[in-house]
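The values are calculated or read from the model by the stated rules, or taken from the named source; none is laboratory data. Computed from a predicted structure; not experimentally measured. All Cβ positions, even for glycine, are placed from backbone atoms using ideal geometry, and neighbour counts span all protein chains on display.
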Amino acid sequence: MTSAPVIGVLAVQGDAREHLQALAACGARAEPVRRASELTRVQGLVLPGGESTTIDKLLRAFELAEPLRERISGGLPVYGSCAGMILLAQRLVDAHRGQQTLGGIDMLVQRNAFGRQVDSFEADLPVQGIAGTADSPGLMRAVFIRAPWVQEVGEQVQVLARVPCGARRGAIVAVRQGNALATAFHPEVTGDLRVHRYFVDLVRTVDRG
Ligand code: GLN
């Protein structure tokens, strides 16, 4: 492989542009993905924030849902942020009628979990392996926008971050299972590249086999 892995950003709806810029800043060749032929080229894929119900409908309309499921279950590295986390869930709470997901992470995700009063909020989080370790705690500014959270995880799922304080203390907001990573928050809006760098490194590692 060349030193710059090709990483796609699903660009049917949502904030693809910020992810494309962040990935490029981390040394990846970042490309928008809107059709199945573009999916075949990528070595990793970001599922951005947006509206998961709309993304779900468009994926099916563009006949991307099945090819995506196949590549994800085949081990393609994927990173889902917010609506992208919802797409990676095996099961949903408060799903829209008929809403489908792609799966990839054995978790139960609640949409719009933080309630109407707190549509959006920010918090400083330790994120395991990404910002801070058990030995040296570091924090990451996390921006939540009508965010989901993870209500239950299977045994294979590693919890990377929880809300540290306040009424929602303990809620799971970042997870990883194998090559699939998900955050309830939006690192692409803060200029902090650590999550994208972590994902680009994951793609390189998987590609080296
Ligand atoms: N609430 C949105 C959904 O259900 C997700 C919000 C976001 O991605 N910022 O899709």
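Restricting attention to the stretch 59-82, the residues being within 16 Å of the ligand (Cβ to nearest atom) and surrounded by fewer than 16 Cβ atoms within 10 Å (Cβ to Cβ) number 1.
For the stretch 15-44, how many residues meet the condition of being within 16 Å of the ligand (Cβ to nearest atom) and modelled with pLDDT of 95 or more? Full working, then the answer.
Keep residues of the stretch 15-44 that are within 16 Å of the ligand (Cβ to nearest atom), which gives 15-19, 22.
This time we only want the ones that are modelled with pLDDT of 95 or more, so: 16-19, 22.
Total satisfying the criteria: 5.
Considering only residues that are out of contact with any Ser or Thr (no Cβ under 6 Å at 6 or more places or on another chain) and within 16 Å of the ligand (Cβ to nearest atom), which ones fall in the stretch 176-198? Can you show your working first?
In the first step, residues of the stretch 176-198 are kept if they are out of contact with any Ser or Thr (no Cβ under 6 Å at 6 or more places or on another chain); the result is 176-182, 184-185, 187-198.
Residues satisfying the conditions are L181, A182, A184, F185, P187, E188, V189, T190, V195.
Those residues that are in contact (Cβ under 8 Å) with a residue 60 or more places away in the chain and assigned to a helix (DSSP H, G or I), I need them from the stretch 69-105; list them, please. Within the stretch 69-105, I72, A83, G84, M85, I86, L88 meet the criteria. Hey, can you tell me all the residues within the stretch 144-170 that are among the hydrophobic types (A, V, I, L, M, F, W, C), modelled with pLDDT of 90 or more and either crowded, with 21+ Cβ neighbours inside 10 Å or assigned to a loop (DSSP other than H, G, I, E, B) (or both)? F144, A147, W149, V150, V157, L160, A161, V163, listed by residue number.
The set of residues in the stretch 9-46 being part of a helix (DSSP H, G or I) and of a type in the set (S, T, Y) consists of S37 alone.
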